[in-house]
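A.B. asks: Submitted below is the structure of interest, expressed as structure tokens.
The values are calculated or read from the model by the stated rules, or taken from the named source; none is laboratory data. This is a predicted model, so every value here is computed, not measured. Cβ placement follows ideal geometry from the backbone for every residue including glycine, while neighbour counts extend to all protein chains displayed. When the accessible area is computed, the model is the full protein with side chains, heavy atoms only, and any ligands, DNA or RNA have been set aside. Shrake-Rupley method; radii C 1.70, N 1.55, O 1.52, S 1.80 Å.
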Amino acid sequence: MIAIKDAGKRLKQFAEKAELLKAISHPVRLCMISGLLDEPGCNVGKIKECLKIPQSTVSQHLAKLKSAGIVVGERSGVQVNYKVINEDVIKVVNSLVMDID
């Protein structure tokens, strides 16, 4: 059982984990994260081609993932290449997609 003095701290930690789960709970974002784990360093154009969705949609989903601290963009000339940086998300997504072809 959790000691009462630790309850507030644990609730804050659970709230942070829940926010990560909310951020990855969209099928397109899950697919984007999985793809970036397979091939880090993709740009918006490549993600758009792979998912066959508009660039604006890709950008909106990437903005959500960036604001949640899940992905980071690294500029290379005029392109921005994205990679997943959150270890908790990496573990969750890898466990979710391990049986998906």
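A.B. asks: How about the range 1-31: which of its residues are assigned to a helix (DSSP H, G or I), within 12 Å of the chain's Cα centre (by Cα) and hydrophobic (A, V, I, L, M, F, W, C)?
C.D. replies: The first filter runs over the range 1-31 and keeps only residues assigned to a helix (DSSP H, G or I), leaving 4-23, 27-31.
Next, from what is left, pick out any that are within 12 Å of the chain's Cα centre (by Cα): 19-23, 27-31.
The answer is LEU20, LEU21, ALA23, VAL28, LEU30, CYS31.
A.B. asks: For the range 56-75, give me the residue count where each residue is closer than 24 Å to LYS17 by Cβ, open to solvent by 80 Å² or more (accessible area, probe 1.4 Å) and either at pLDDT below 95 or touching a strand residue (DSSP E or B) at 6+ places or on another chain (Cβ under 9 Å) (or both).
C.D. replies: Summing the residues that are closer than 24 Å to LYS17 by Cβ, open to solvent by 80 Å² or more (accessible area, probe 1.4 Å) and either at pLDDT below 95 or touching a strand residue (DSSP E or B) at 6+ places or on another chain (Cβ under 9 Å) (or both) in the range 56-75 gives 1.
A.B. asks: Provide a single number: the residues in the range 37-58 that are assigned to a helix (DSSP H, G or I) and in contact with a helix residue (DSSP H, G or I) (Cβ under 8 Å, 6 or more places away or on another chain).
C.D. replies: The first filter runs over the range 37-58 and keeps only residues assigned to a helix (DSSP H, G or I), leaving 37-38, 44-51, 55-58.
Remaining after also requiring in contact with a helix residue (DSSP H, G or I) (Cβ under 8 Å, 6 or more places away or on another chain): 37, 44-45, 47-48, 50-51, 55, 57-58.
Residues meeting the conditions: 10.
A.B. asks: For the range 76-100, which residues satisfy the criterion of being open to solvent by 60 Å² or more (accessible area, probe 1.4 Å) and modelled with pLDDT of 95 or more? Full working, then the answer.
C.D. replies: First, the residues of the range 76-100 that are open to solvent by 60 Å² or more (accessible area, probe 1.4 Å): 76-79, 83, 85, 87, 91, 94-96, 98-100.
Passing the criteria: LYS83, ILE85, GLU87, LYS91.
A.B. asks: Looking at ILE85, ILE53, ILE100, ILE24, can you tell me which residue is among the β-branched types (Val, Ile, Thr) and touching a strand residue (DSSP E or B) at 6+ places or on another chain (Cβ under 7 Å)? Give the derivation first.
C.D. replies: Working: ILE53 fails: touching a strand residue (DSSP E or B) at 6+ places or on another chain (Cβ under 7 Å); ILE100 fails: touching a strand residue (DSSP E or B) at 6+ places or on another chain (Cβ under 7 Å); ILE24 fails: touching a strand residue (DSSP E or B) at 6+ places or on another chain (Cβ under 7 Å).
After ruling out the rest, the residue left standing is ILE85.
A.B. asks: Please verify whether SER34 is over 21 Å from ASN94 (Cβ atoms) and assigned to a helix (DSSP H, G or I), treating the condition exactly as stated. Outline the logic, then answer.
C.D. replies: Numbers: over 21 Å from ASN94 (Cβ atoms): no; assigned to a helix (DSSP H, G or I): yes.
Here the answer is no, as SER34 does not meet what is asked.
A quick yes/no check of all residues on (1) aromatic (Phe, Trp, Tyr); (2) farther than 14 Å from GLY35 by Cα; (3) touching a helix residue (DSSP H, G or I) at 6+ places or on another chain (Cβ under 7 Å):
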position	(1), (2), (3)
ALA63	no, yes, no
ALA68	no, yes, yes
VAL71	no, no, yes
VAL78	no, yes, no
TYR82	yes, no, yes
ILE85	no, no, no
VAL89	no, no, yes
VAL93	no, no, yes
VAL97	no, no, yes
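A.B. asks: Condition first: in a helix (DSSP H, G or I) and either in contact with a Leu (Cβ under 7 Å, 6 or more places away or on another chain) or touching a residue at least 60 places away in the same chain (Cβ under 8 Å) (or both). Now tell me which residues in the range 59-93 satisfy that. Step through it out loud before you land on a result.
C.D. replies: Residues of the range 59-93 that are in a helix (DSSP H, G or I), as a first pass: 59-67, 87-93.
Within the range 59-93, ASP88, VAL89, ILE90, VAL92, VAL93 qualify.
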